[in-house]
Amino acid sequence: MKFLKYFFTGIFFGIVLVKSEAVSWYRIFEMFKFQSFHMYGIIGSAVFLGILGLLIVKKNEVKDINGYKIQLPPKDMGFARYLIGGSLFGLGWALAGACPGPMFVLLGTGVLSMLLVILGAVLGTFLYGLLRGKLPH
Amino acid sequence: MEYILQPWPWYISGPLIALVMLLLVYFGKTFGMSSNLRTLCSIAGGGKYSEFFRFDWKAQRWNLVVVIGALIGGYLASNFLSDHSVIDLNPATVADLKALGFEDAGAALVPAEIYDWGELLTVKGLLILIGAGILVGFGTRYAGGCTSGHAITGLSNLQLPSLIAVIGFFIGGLLMVHVLYPLIFS
């Protein structure tokens, strides 16, 4: 039962991503071509409201559903890992036209060949786990 | 109902994505889809090969439930909540895609030229899908997050590392679309 709220949040997220066309390979291509405001509008308005929402949460010391004060863990400091890792991610994102959330949403819409991309993504994560000690962070 | 069936504009979709992020924060969690890939590695026994996969994956089950929900949401939206209109792309985008060999741009969510089963029978087609997946999976873990973790949550939380990661996302994406696409397709 405690998982039900996550299940419905996920369903809602999947529906929003399809209806917004953010899961469309074409919209990602168009975004990287700077030929439409659509994706920038989605990400921009989400971040704008996200900043506002989290500022309100922090200012008012809002508690979560379990009664604990909400605190978002800060990201570790670093430069190379974010720039290099981010760039590798960007190469794959623009080629597959899907990032880790949309991959599963697209599978749900019936793009079964997405399973290969997901398999690749799990493999890529595994490779990172193996090579982590040798990479600059 | 008509408004539900039509594609939703950015000013509706963006705020709803912020709502998903804030809901998960309210539940005491964070919004980050790529963490599930690490969890999958751990479930598959990755801990035998790297301590990176030795963690209590059961504590991450909630996130797998989110992703299963997202998959079902995708099914529901495309089967019951869509009028299947062609994506309203910029005509310049459609022309650019045609030049690269992509026909019927926007008719489906993904291009048949990459995602049709027939493409998987060719070495090139197979390499594109698996290679793109590996880049996403490796890159996201190296960078410590993906679009949801860095671009939405991290930027909303004013994290400098997330800004660097998002700049990276764009360096890679721009390189792929502007430099590598003409080499891979066409």
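The values are calculated or read from the model by the stated rules, or taken from the named source; none is laboratory data. Only a predicted model underlies this, so the values are computations on that prediction, with no experimental measurement involved. In this analysis, Cβ positions are derived from the backbone assuming ideal geometry, glycine residues included, and neighbour counts consider all displayed protein chains. Accessible surface is based on the protein model in full, side chains and every heavy atom, while ligands, DNA and RNA are left aside. Shrake-Rupley method; radii C 1.70, N 1.55, O 1.52, S 1.80 Å.
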Would you mention how many residues in the range B:53-89 are in contact with a helix residue (DSSP H, G or I) (Cβ under 6 Å, 6 or more places away or on another chain) and open to solvent by 60 Å² or more (accessible area, probe 1.4 Å)? 4
Closer than 27 Å to residue A:21 by Cβ, open to solvent by 20 Å² or more (accessible area, probe 1.4 Å) and assigned to a helix (DSSP H, G or I), is that true of residue B:37? no
Could you figure out which of (1) open to solvent by less than 20 Å² (accessible area, probe 1.4 Å); (2) within 7 Å of chain A (Cβ to nearest Cβ); (3) within 20 Å of the chain's Cα centre (by Cα); (4) not β-branched (Val, Ile, Thr) isn't true of residue B:50? (3)
Residue B:89 passes all but one of the listed conditions (1) over 24 Å from residue A:123 (Cα atoms); (2) at the interface with chain A (Cβ under 7 Å from one of its Cβ atoms); (3) outside any loop (DSSP other than H, G, I, E, B); the exception is number (3)
Kindly list the number of the only condition in (1) surrounded by fewer than 24 Cβ atoms within 10 Å (Cβ to Cβ); (2) farther than 17 Å from residue B:34 by Cα that fails for residue A:109. (1)
Can you name every residue in the range B:169-183 that is surrounded by fewer than 17 Cβ atoms within 10 Å (Cβ to Cβ) and touching a Lys or Arg at 6+ places or on another chain (Cβ under 9 Å)? B:178
Which condition number in (1) facing chain A (nearest Cβ under 7 Å); (2) among the hydroxyl-bearing types (Ser, Thr, Tyr); (3) assigned to a loop (DSSP other than H, G, I, E, B) is the one that residue B:148 fails? (3)
